[in-house]
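Contents: one structure, followed by commentary.
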Amino acid sequence: MSSKYYYLVAGLPELSLEDSKLSYTVADFKTEIYSGLSTSDQKLIDLFYLKFDNANVLKLLKDKDAEIDTRGNYSAAELTEYISTLKEGGEISSKEFPAYLSVFILDYLNTPVESIVLYEDHLATLYYEYAMKCGNKFVSSWFEFNLNINNILVAFTARKFKWDIAGNIVGNTDVCEALRTSSARDFGLSGEVDFWESLVKINEIAELVEREKKLDALRWNWMEDAIFFDYFTIERIFAFLLKLEMIERWISLDKEKGNQLFRSIIESLKNEVQIPAEFR
């Protein structure tokens, strides 16, 4: 167990709330904590912030003058330039710009709308597959978990509307393969995927906000289990960031519930982070 980020992790519970507003944000993390991480750990954290770049790319493809979310890794000018380069048939190095985003932009420009279930889902699955190759077990598993969730939900939607399932599944996991090839009602996955039943129930929820909350609860519980034995590591910091973003999003939608959720995180962190005797 690394104690490399001992003081940083021990400091995370210091976060406080001001009324119904977070006093600490995902953007603050980038400016205050990011520089204190090792280069390899910064690259892992960059993977988290790419979710904002994903949303920004979608916005700019629809409207080149759109206001973007500044929490991403790339500026509006950089993203606009990349989109323009790809539109004109140019190439962009994968060292300069994540390969999956180039793939998505080209897909968006060249694919008829009706043949992609949802652009957001397609982009999310490309992102998860890309991030799974990061080399960190927890981070890779987190993205594989989300890739599988996304693909299963896409398969449910495609089957319901009699769309092509195989063509809308992204990735090379065993779950992806089963979704592409199985005609069984459960795609042969109910015994293989431990969250299958939860996902079937969530998929039946018609109310979108409620459905999204249930999905976040599923993700939250997965995270809690996955980092149970990680204390002062980059894994715990990554999970904290995921939770912080989740709550930030819910506070913007539902202040009271978001605040309750936030308080529960802080309490659980306080209970988990016990200061070793030699540091007292």
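Where a number appears in this text, it was derived from the coordinates with a stated rule and is not lab data. This one's a predicted model, so the numbers in the text were calculated from it and none came from an experiment. Positions of Cβ are generated from backbone atoms using ideal geometry, with glycine treated the same way; all protein chains shown enter the neighbour counts.
Things to note:
- Net length available on complete extension from Thr111 to Ala27 is 26.8 nm, with 0.36 nm assigned per residue and the Cα-Cα distance removed.
- At most 16 other Cβ within 10 Å, DSSP loop - GluC sites (Glu not before Pro), segment 193-251: Glu204, Glu207
- Rg/Rh for segment 65-199 (Cα atoms only, Rh after Kirkwood) is 1.01.
- Rg/Rh (Cα only; Kirkwood hydrodynamic radius) as it applies to segment 112-178: 0.99
- Reduced Cα scattering model of segment 26-106, Debye log10 I(q)/I(0), q = 0.25 Å⁻¹: -1.23
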